[in-house]
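Below is one structure, written out as structure tokens; the observations come after it.
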Amino acid sequence: MKRRTIDILLWLPTIFLVYVFLRQGLAKFDAQSGWARAFATWHFPVWFRIAVGAAEVGAALLLLLRRTAFFGAAIISAIMIGAMLTHVYWHRPKAVTSAVLPLVLAATVMIGRPPRAH
């Protein structure tokens, strides 16, 4: 497949990830959100929920530029691995599946948009 075609196709998972993580990241700033209740249930401090939200919003913005997309996808990957570990720790292994798709899409972006040495 031509590099241009691959580049165009990479925008599909990228736009999906931007949409999801921008929305969900911003939701983590709301003390009345479902995320606030979930993080409290998992015994995470408020500052951690805010930090995760900031990381998600930052990652979404990094995805918008080709030269920073790798780093945004890497941040999302780390967050999704943390989410999976949280679900396993709290004996909810079936909930791990919600993090699989974003993790796979982020890995796809990381492979397709590696950092370039200048």
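Taking ARG49 as the residue in question, decide whether it is closer than 28 Å to ILE8 by Cα and not hydrophobic (A, V, I, L, M, F, W, C). Spelling it out, it is not the case that ARG49 is closer than 28 Å to ILE8 by Cα and not hydrophobic (A, V, I, L, M, F, W, C). Residues of the range 62-118 that are under 21 Å from LEU22 (Cα atoms), outside any loop (DSSP other than H, G, I, E, B) and of a type in the set (Lys, Arg): ARG66, ARG67. Please work out if VAL52 is open to solvent by less than 60 Å² (accessible area, probe 1.4 Å) and either over 23 Å from ARG116 (Cβ atoms) or in a helix (DSSP H, G or I) (or both). So VAL52 fits the description; yes. Only one of ARG66, ARG3, ARG37, ARG116 is at pLDDT 95 or above, basic (Lys, Arg) and surrounded by fewer than 19 Cβ atoms within 10 Å (Cβ to Cβ). Can you tell me which? Criteria check complete, one pass: ARG37.
The values are calculated or read from the model by the stated rules, or taken from the named source; none is laboratory data. Being a predicted model, the structure only gives us computed values, none of them experimental. No Cβ is skipped: glycine too gets one built from the backbone with ideal geometry, and neighbour counts run over all protein chains shown. Protein only, heavy atoms only, side chains kept; ligands, DNA and RNA dropped before computing areas. Shrake-Rupley method; radii C 1.70, N 1.55, O 1.52, S 1.80 Å.
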